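The values are calculated or read from the model by the stated rules, or taken from the named source; none is laboratory data. Because the structure is predicted, anything quoted here is derived from the model rather than measured. All Cβ positions, glycine included, derive from the backbone under ideal geometry; neighbour counts span all protein chains shown.
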Amino acid sequence: MNSISLRKQSLIILSILALIMVMCGGGASEEEATEEVVEEVETLESPAVTTAKSLGAGVTEEPCPEVIGNIPTNADQEKGCIYLGILSDYTGPYGAAGLPVEIGIRSYWAWKNQTGCLKNYCVAVKEAADTGYNPQKHLEEYNAMKDDIAALALSLGTPLTLFILDELDKDNMIAAPLSWYSGWSFDSVDKGLIIEYGSTYCADGMNGLDWSVDNLPVDIKKIGIVAQQDDYGLDYAAGVKTAAAARGVEVAWEYLYAPGQFDVTQAVGLLVTQPVDAYFPAVDPGSMAQMAGGAAQNGVVPITIMATPSYSGQFVVEGSPVKGLFESGAFFASSVFAPYGGETPGHENMRNILAAYGVESTSVYIVAGWASQQHISSALSVAVRGDLTREGIRSAAANVPVSSDGMFPSKTLGANVQTPVSVITTPNGSEPGGTTILQEGYTGPTGEGYDWSGGPCS
């Protein structure tokens, strides 16, 4: 299937969602949902007034359209509009994430608008672009939409977001990433523009190694690492190696590959010819399935501790050729946040809203889309009281407490410290999102003793 047809398919699915939302009246009743409380923070840059004094690009006094791209906004037609953009992947190696994360984002803002908007302004996604996990395309699509938006609701991918960071800086454009690179926690790296949420790849690598050593019935003394050679894979690998050194575990080998150049033969060859007690992949889902399947065909199924982007719930749906393999008890993930079935008030609220909107998918990426916007919302909730220029939004995001009703640990944006708390999961097709939660809120001994304010891990 070509990229055009895939995008058309996505739009068809979103159109179906739109129709469902219309039939449902646009969302849940007040009895079904509770709105998160955003702490009111006053700063010189964003005084506590009832409406913004200054408006910038992507903000209008005119209301948001009732429908954008066949998707209802639920916007109050008596209030102004803040427009957001999406830079995603629908056709590249992380294409499986593109549609669910967009549904999560749009559903969050439809609910937020329905429950009062942000003071005198509602919020709408104006445009979503497929960049195919290509940095140059990411930049091109950003330049095409930047004049019409106030912030990026999504910039998918660590290397892609880093590629456009200088442009974001020039334009004072904040962005929520689909990326958990440890550098996003530090202003020296992200210039205070990237709205981080959840744990980091580095923390997940540390916690995955510690958890496997302390909790699995396997004596883990020798490990391998397979990682995309960028700030995603190298960040996870750095965390794994830090914990391995602390726990006396040997890193027998590493296979690092340039994005888009994964060699399944080489990866499987290492697993078969240089056996290890466990290995730690930070790859894309397609490469993960190929590697695990190829090793199993050669009689090798080692303990596997995956980084979040490596796994897809599609691995364990009925009819999947790798369902039995991934449900064999050898596969685990050290994850940046709890999946769809997470037992937090925020997860419960999200599930209620999505059910009311008729959304049946339980993808972990819907959770990411929804929850990331809570942090965007916190920054906008401050800016909307004083300065809704991009400069004002950037200032508001520099020092604002964020909360997601337990979906992520509460934190202050701009605090220059990583959040080292991971969720340990294992594949299970009978659970929402194809995942069973084994332990939430986990920080291992390596993470407990690590200086998380010291800068990026990789």
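So the values come out like this:
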item: Matching residues, region 180-200, being among the β-branched types (Val, Ile, Thr) and over 15 Å from residue 419 (Cβ atoms); result: 189
item: Single match in 129, 75, 110 (criterion: assigned to a loop (DSSP other than H, G, I, E, B), in contact (Cβ under 8 Å) with a residue 40 or more places away in the chain and of a type in the set (A, V, I, L, M)); result: 75
item: Condition broken by residue 358, with the remaining ones in (1) farther than 23 Å from residue 91 by Cβ; (2) surrounded by 22 or more Cβ atoms within 10 Å (Cβ to Cβ); (3) assigned by TED's automatic domain parsing to the domain that holds residue 107 satisfied; result: (2)
item: Top-ranked residue of region 280-300 - restricted to ones that are outside any helix (DSSP H, G or I) and in contact with a helix residue (DSSP H, G or I) (Cβ under 7 Å, 6 or more places away or on another chain), ranked as farthest from residue 254 (Cα to Cα); result: 298
item: Residues (small (Gly, Ala, Ser) and assigned to a helix (DSSP H, G or I)) located in region 210-233; result: 212, 233
item: Answer residue from region 141-155, given it is in contact with a strand residue (DSSP E or B) (Cβ under 9 Å, 6 or more places away or on another chain) and either assigned to a helix (DSSP H, G or I) or not aliphatic (A, V, I, L, M) (or both) and is surrounded by the most Cβ atoms within 10 Å (Cβ to Cβ) among those; result: 155
item: Pick from region 198-242, criterion small (Gly, Ala, Ser) and farther than 12 Å from residue 280 by Cα, ranking: surrounded by the most Cβ atoms within 10 Å (Cβ to Cβ); result: 203
item: Residue in region 308-323 that is farther than 21 Å from residue 93 by Cα, modelled with pLDDT of 95 or more and either polar (S, T, N, Q) or touching a Ser or Thr at 6+ places or on another chain (Cβ under 8 Å) (or both) present; result: no
item: Some residue of region 245-257 being free of Cβ contacts under 8 Å to residues at least 24 places away in the same chain and either basic (Lys, Arg) or part of a helix (DSSP H, G or I) (or both); result: yes
item: Residue satisfying condition, being in a helix (DSSP H, G or I), in contact with a Pro (Cβ under 8 Å, 6 or more places away or on another chain) and not assigned by TED's automatic domain parsing to the domain that holds residue 230, within set 124, 96; result: 96
item: Subset of region 164-209 (residues that are of a type outside the set (S, T, N, Q), part of a helix (DSSP H, G or I), touching a residue at least 60 places away in the same chain (Cβ under 8 Å) and under 18 Å from residue 397 (Cα atoms)); result: 171, 183, 187, 189
item: So residue 179, is it under 28 Å from residue 249 (Cα atoms) and among the hydroxyl-bearing types (Ser, Thr, Tyr); result: yes
